[in-house]
Amino acid sequence: MVSIKSIQLDSISNAKRIVLKVGSALIVNPKTGNINESWVKSLVQDIVFLLKNNKEILIVSSGAIALGKSELNLQNKSLKLSEKQAAAATGQILLAKAWKSKFEKVNIKCGQILVGHSDLETRRNAMNTRATLSTLLKLKVIPIINENDTVATREIRYGDNDQLAARIAQLAEADILVLLSDIDGLYSEDPKISPKAKFIKEIEDISSEIENMARNTKSNIASGGMITKIKAAKIATAGGCNLIIAHGKNKNSLLKLINGGKHSIFKANL
Ligand code: GLU
């Protein structure tokens, strides 16, 4: 485990309420299609550290479809919406079980929230979702949130958890949203292709130039990519929440980030 010398990352050390989004490519082992147990365990260790430092944590966790696909032996097929929904129904149970079992070991309670587009975009439902989130936090329960993929229709779903996490961050009035990803931040072009790609550390304004950079950078995660991350950044920053993109594949990535690890930060519009 990483030793914690000092917290250098201003936004996380100053933040009280943090939304953490973990993508399928991190939580699910791509070779086996099963939960990446040791990775989840290490993330839970990092979360324990943050809780001890009086932070409130909400997790937006992907992985239901990826886990369900392997459970139902559907990995090597391109799936119809109804098959993806069947996979999500099967995988969501496994996902919740994985979080529950890891948090239980450190005496932390967690609760599952599955939301649809209308739960966050219709005022009355959104207020109710907000009340549930805030009650869970008051009761020291970590909300584990995902889209209710099993019943969402193609037209009215987020489809990617980057934007879902941004809406949750907005609704929960979080100070910071951390997107743990398979890329360590925003580059001027795809760093895997171009040696000239420039790393962008801080973004104050999401200009059309920034949006064009995102179009040129691919990330391998399930439904997201840099474009959905920029869309998420627009939602989060407009709601007064900072957004960080950081590499999350290695163990204890969150602690590394807290200790000044590489990341891009989109500053909240205050
Ligand atoms: N809700 C989807 C799942 O749990 C993930 C969407 C995404 O990858 O962003 O599988």
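The values are calculated or read from the model by the stated rules, or taken from the named source; none is laboratory data. Not measured: the values here are computed from a predicted model. Methodologically, a virtual Cβ is constructed for each residue, glycine included, from the backbone with ideal geometry; neighbour enumeration extends over all protein chains shown.
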**Prompt:** Which of the following residues is at pLDDT below 95 and crowded, with 23+ Cβ neighbours inside 10 Å: Ser194, Ser181, Ser207?
**Reply:** Ser181
**Request:** Give me the pairs, please: first residue somewhere in the range 39-68 and surrounded by fewer than 23 Cβ atoms within 10 Å (Cβ to Cβ), second residue anywhere and aromatic (Phe, Trp, Tyr) and not in a helix (DSSP H, G or I), beta-carbon distance under 9 Å, and either six or more positions apart or on two chains.
**Result:** none
**Request:** Please work out which one of (1) touching a strand residue (DSSP E or B) at 6+ places or on another chain (Cβ under 6 Å); (2) closer than 16 Å to Ala233 by Cα is the condition Ala214 fails and give its number.
**Result:** (1)
**Item:** Restricting the range 128-161 to residues that are surrounded by fewer than 16 Cβ atoms within 10 Å (Cβ to Cβ), among the hydrophobic types (A, V, I, L, M, F, W, C) and farther than 24 Å from Leu243 by Cα, the residue that is nearest to the ligand (Cβ to nearest atom)
**Value:** Val151
**Asked** Within the range 239-270, how many residues are of a type in the set (Val, Ile, Thr) and at pLDDT below 95?
**Response** 1
**Prompt:** Of Ala238, Ala232, which residue is over 24 Å from Pro30 (Cβ atoms) and in contact (Cβ under 8 Å) with a residue 24 or more places away in the chain?
**Reply:** Ala238
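Conditions tested, residue by residue: (1) away from the ligand (no atom under 16 Å from the Cβ); (2) in contact with a Lys or Arg (Cβ under 9 Å, 6 or more places away or on another chain).
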position	(1), (2)
Gln45	yes, yes
Leu51	yes, yes
Ile57	yes, yes
Lys69	no, yes
Ser82	no, no
Ala89	no, no
Ile93	no, no
